[in-house]
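The values are calculated or read from the model by the stated rules, or taken from the named source; none is laboratory data. All figures in this text were calculated on a predicted structure; none of them were measured in a lab. We place every Cβ from the backbone using ideal geometry, glycine too, and count neighbours over all the protein chains shown.
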């Protein structure tokens, strides 16, 4: 006998995945903020914490955590974030997978926002929200323009959204995709990201590029916001230079060298000439420039060196 008021079909599960490595106090902050979220209607929600590269107390922490979302602990022995994510995704049927980092706190409505945005779809799109910043200690104002969005925030208006930069549509600490689309795109690249063999960052950027290439379209959800904790050690001059270097490795690894360019052991000769010129500029700048000018010249050199290393790794 048919019911007079049939219930709506249940949407795909929403699975929150948090990879972590030796950041117990920050992870607890993240989990507590997820537990404080409002539950989406007619949607199963799971929370999976995947520890990789060693055991640092996460399993014990989760055993004493109680909330409305069931928490699952996964362990991946290798210190490779991409491989750890792949191992976790391999256990899922098709689901909406929300990727969070272990150093964010989330807006209480974030699960509602992602649930509403994905309810009428089962693939072919990926999603992301904004990111604000919790500083331990604010960096010098002149350094802000050189920091990546992960250290200074990214939260454009909906009508101004055009992606982050360099092929990245959404921040890696706050984005979602269908697990079936991720596997069609080949999974996360183990050469990129923390523990990656290339030394480059950007496993999220590489995945989002692959999703686009596979026909998926991005959808920005401005109200799905997280706050990224930024310690002073991750917005310093030295950290910013190292980040520029690693980002450049990833850029070079993703982009083939144009035909006809002269190379030396796989490295475009123009990059070698540029590195020599920039190194001389850095030496001169230490005697005559202010800190902001010195940094700009050093940053250019670090980017060029990263492009050289990335070109060699691609070869």
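Quickly run through the range 119-136 and pick out the residues that are farther than 15 Å from residue 227 by Cα and either within 15 Å of the chain's Cα centre (by Cα) or in a loop (DSSP other than H, G, I, E, B) (or both).
119, 120, 121, 122, 123, 124, 126, 127
Would you be able to say whether some residue in the range 285-292 is at pLDDT below 85, within 19 Å of residue 148 (Cβ to Cβ) and either surrounded by fewer than 17 Cβ atoms within 10 Å (Cβ to Cβ) or within 25 Å of the chain's Cα centre (by Cα) (or both)?
No.
What number of residues within the range 177-192 satisfy the criterion of being assigned to a strand (DSSP E or B) and surrounded by fewer than 24 Cβ atoms within 10 Å (Cβ to Cβ)?
1
Between a residue in the range 30-48 that is more than 21 Å from residue 229 (Cα to Cα) and not assigned by TED's automatic domain parsing to the domain that holds residue 173 and any residue that is at pLDDT below 95 and surrounded by fewer than 19 Cβ atoms within 10 Å (Cβ to Cβ), which pairs come within a Cβ distance under 9 Å, given they are 6 or more apart or on different chains?
none
If you take the residues in the range 236-284 that are in contact with a strand residue (DSSP E or B) (Cβ under 7 Å, 6 or more places away or on another chain) and either buried (at least 19 other Cβ atoms within 10 Å of the Cβ) or in contact (Cβ under 8 Å) with a residue 40 or more places away in the chain (or both), which one is farthest from residue 202 (Cα to Cα)?
Among those that are in contact with a strand residue (DSSP E or B) (Cβ under 7 Å, 6 or more places away or on another chain) and either buried (at least 19 other Cβ atoms within 10 Å of the Cβ) or in contact (Cβ under 8 Å) with a residue 40 or more places away in the chain (or both), it is 257.
Rundown of residues vs (1) free of Cβ contacts under 8 Å to residues at least 24 places away in the same chain; (2) surrounded by fewer than 16 Cβ atoms within 10 Å (Cβ to Cβ); (3) within 23 Å of residue 44 (Cα to Cα), yes/no style:
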| residue | (1), (2), (3) |
| --- | --- |
| 115 | no, no, yes |
| 127 | no, no, yes |
| 160 | yes, yes, no |
| 170 | no, no, no |
| 175 | no, no, yes |
| 219 | no, no, yes |
| 226 | no, no, yes |
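Inspect all residues belonging to the range 88-105 and state whether any of them is out of contact with any strand residue (DSSP E or B) (no Cβ under 9 Å at 6 or more places or on another chain), touching a residue at least 60 places away in the same chain (Cβ under 8 Å) and either closer than 23 Å to residue 182 by Cβ or not in a helix (DSSP H, G or I) (or both).
Yes - at least one qualifying residue is present in the range 88-105.
Name the residues in the range 54-87 that are closer than 19 Å to residue 176 by Cβ and part of a strand (DSSP E or B), would you?
Hits for the range 54-87 are 71, 72, 74.
Exactly one of these conditions fails for residue 94: (1) under 21 Å from residue 119 (Cα atoms); (2) surrounded by fewer than 19 Cβ atoms within 10 Å (Cβ to Cβ); (3) at pLDDT 95 or above. Give me its number.
Of (1) under 21 Å from residue 119 (Cα atoms); (2) surrounded by fewer than 19 Cβ atoms within 10 Å (Cβ to Cβ); (3) at pLDDT 95 or above, only one is false for residue 94: (3).
With (1) at pLDDT 95 or above; (2) not in a loop (DSSP other than H, G, I, E, B) as the list, and residue 39 as the residue in question, which single condition is left unmet?
Of the numbered conditions (1) at pLDDT 95 or above; (2) not in a loop (DSSP other than H, G, I, E, B), the odd one out for residue 39 is (2).
Within the range 63-82, work out how many residues are without any contact (Cβ under 8 Å) to a residue 24 or more places away in the chain and touching a helix residue (DSSP H, G or I) at 6+ places or on another chain (Cβ under 9 Å).
The qualifying residues number 1.
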